[in-house]
Amino acid sequence: MYNLLKGKKGIIFGALNDKSLAWKIAERAYEEGAEIILTNTPVSMRFGDIETLAEKCNTIVIPADATSEKDLQNLIEKALEHFGTKIDFILHSVAMSMNVRKGLLYDNVNYNFYQKTIDISALSFHKVLQTAKKLDAINEWGSVVALSYIAAQRTLYGYNDMADAKSLLESIARSFGYIYGRKKKIRVNTISQSPTMTTAGSGVKGMEGLMDFTERLSPLGNATSDECADYCITLFSDLTKKVTMQNLYHDGGFSNMGMSLRAMKMYNKSLEKPIDDDVLVS
Ligand SMILES: NC(=O)c1ccc[n+]([C@@H]2O[C@H](COP(=O)([O-])OP(=O)(O)OC[C@H]3O[C@@H](n4cnc5c(N)ncnc54)[C@H](O)[C@@H]3O)[C@@H](O)[C@H]2O)c1
């Protein structure tokens, strides 16, 4: 441990169970000396295991639906009260798509679900930032990080409306990063993480095949959730004070690859006539 977050206070969204990226990030932040508050929706708190994490990190859980401005205001006010001082970092690790869950394809989405996907997985990031700014809740040189995925830039089969949500999420990091940086010296970034077998991750169609593909393609292999936590800690720390408005790939090199020897060998094993995706899944 390096005590990189000694004396810092943070809010961590999105720890559902011990597979969650936010769970690992909370554990690492605590190990690095931070005081944290955990938050999730009341439903996820019931179905998940967040109280166990709270005990481990010697902290409390404040329920909040990240799409509700009222809940976010209550969360941030209570966090300020709990810490007795402003906060230094926020992790947004929140996403959900009913279209993905229900297996609806991108050319046959339910638009109510689509709007919810955008609200939960992208707009909520804006709401968190705007609420924090209005309450002047974050110290100068504070850091806000959201977790993204390369489907924001490249089309990946099965990622559906979440791809659009991630594009918006990354755009919000840039647009808000400009304002928050200029006004308060607060940095806003997204980390674009390798596919990882979490609850949300395992909902993506063909996740195992996708993880094998990205593992073969990435010179350093897929980034694990523990490695994601390490990277996040650097962004919360004072070692990255001038990094803002960035989408930072944490993917073992995948984002800059086209084809690797390991992937090509696998691909060459089966050169069957390609079949259209939709035929396979509808
Ligand atoms: N697992 C992957 O392959 C992967 C890769 C890149 C990025 N990500 C991103 O990482 C983040 C965390 O996902 P994860 O993989 O750890 O899965 P996860 O299922 O453990 O976490 C998703 C979290 O979002 C929370 N959530 C859903 N709706 C909410 C709402 N309305 N308000 C507040 N919280 C809500 C859930 O309760 C859950 O804790 C997501 O943004 C996801 O898109 C995941």
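The values are calculated or read from the model by the stated rules, or taken from the named source; none is laboratory data. In this text the structure is predicted, and so the values were computed from the model without any measurement. Note: ideal-geometry Cβ built from the backbone for every residue, glycine included; neighbour counts use all protein chains shown.
Summary table below
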| item | result |
| --- | --- |
| Any hit, the stretch 61-70, residues being assigned to a helix (DSSP H, G or I) and surrounded by fewer than 24 Cβ atoms within 10 Å (Cβ to Cβ) | yes |
| Condition check for LEU72: closer than 18 Å to VAL128 by Cα and away from the ligand (no atom under 14 Å from the Cβ) | no |
| Every residue from the stretch 75-93 that is more than 16 Å from the ligand (Cβ to nearest atom) and polar (S, T, N, Q) | THR85 |
| Residue check, MET211 part of a helix (DSSP H, G or I) and either touching a Gly at 6+ places or on another chain (Cβ under 8 Å) or surrounded by 22 or more Cβ atoms within 10 Å (Cβ to Cβ) (or both) | no |
| Subset of the stretch 19-45 (residues that are more than 15 Å from the chain's Cα centre (by Cα), of a type outside the set (Gly, Ala, Ser) and farther than 14 Å from GLU227 by Cα) | TYR30, GLU31, GLU32, GLU35, ILE36, ILE37, THR41, PRO42, VAL43, MET45 |
| Enumeration of residues in the stretch 243-257 that are farther than 21 Å from SER171 by Cβ and either in contact with a Pro (Cβ under 6 Å, 6 or more places away or on another chain) or not small (Gly, Ala, Ser) (or both) | GLY253, PHE254, ASN256, MET257 |
| Residue that is surrounded by the most Cβ atoms within 10 Å (Cβ to Cβ), among those in the stretch 186-208 that are of a type in the set (Ser, Thr, Tyr) and within 14 Å of ASP251 (Cβ to Cβ) | THR190 |
| Condition met for PHE47 (aromatic (Phe, Trp, Tyr), within 10 Å of the ligand (Cβ to nearest atom) and closer than 22 Å to ASN160 by Cβ) | no |
| Subset of the stretch 1-22 (residues that are touching a residue at least 40 places away in the same chain (Cβ under 8 Å) and of a type in the set (Phe, Trp, Tyr)) | PHE13 |
| Meets criteria (touching a helix residue (DSSP H, G or I) at 6+ places or on another chain (Cβ under 7 Å), within 13 Å of the ligand (Cβ to nearest atom) and within 18 Å of ASP119 (Cβ to Cβ)) for MET207 | no |
| Every residue from the stretch 148-201 that is away from the ligand (no atom under 13 Å from the Cβ), among the hydroxyl-bearing types (Ser, Thr, Tyr), in a loop (DSSP other than H, G, I, E, B) and touching a residue at least 40 places away in the same chain (Cβ under 8 Å) | TYR157 |
| Qualifying residue in the stretch 20-36 (condition: basic (Lys, Arg), within 16 Å of the ligand (Cβ to nearest atom) and touching a helix residue (DSSP H, G or I) at 6+ places or on another chain (Cβ under 6 Å)) | yes |
| Selection within the stretch 71-98 - in contact with an Asp or Glu (Cβ under 8 Å, 6 or more places away or on another chain) and surrounded by fewer than 22 Cβ atoms within 10 Å (Cβ to Cβ) | ASP71, PHE83, LYS86 |
| Top-ranked residue in the stretch 127-147 [being basic (Lys, Arg) and more than 16 Å from the ligand (Cβ to nearest atom); ranked as nearest to the chain's Cα centre (by Cα)] | LYS133 |
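One line per residue, one yes/no per condition, for (1) modelled with pLDDT of 95 or more; (2) of a type in the set (A, V, I, L, M, F, W, C); (3) assigned to a helix (DSSP H, G or I):
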{"position": "ILE11", "(1), (2), (3)": "yes, yes, no"}
{"position": "ASP18", "(1), (2), (3)": "yes, no, no"}
{"position": "TYR30", "(1), (2), (3)": "yes, no, yes"}
{"position": "GLY33", "(1), (2), (3)": "yes, no, no"}
{"position": "LEU72", "(1), (2), (3)": "yes, yes, yes"}
{"position": "VAL94", "(1), (2), (3)": "yes, yes, no"}
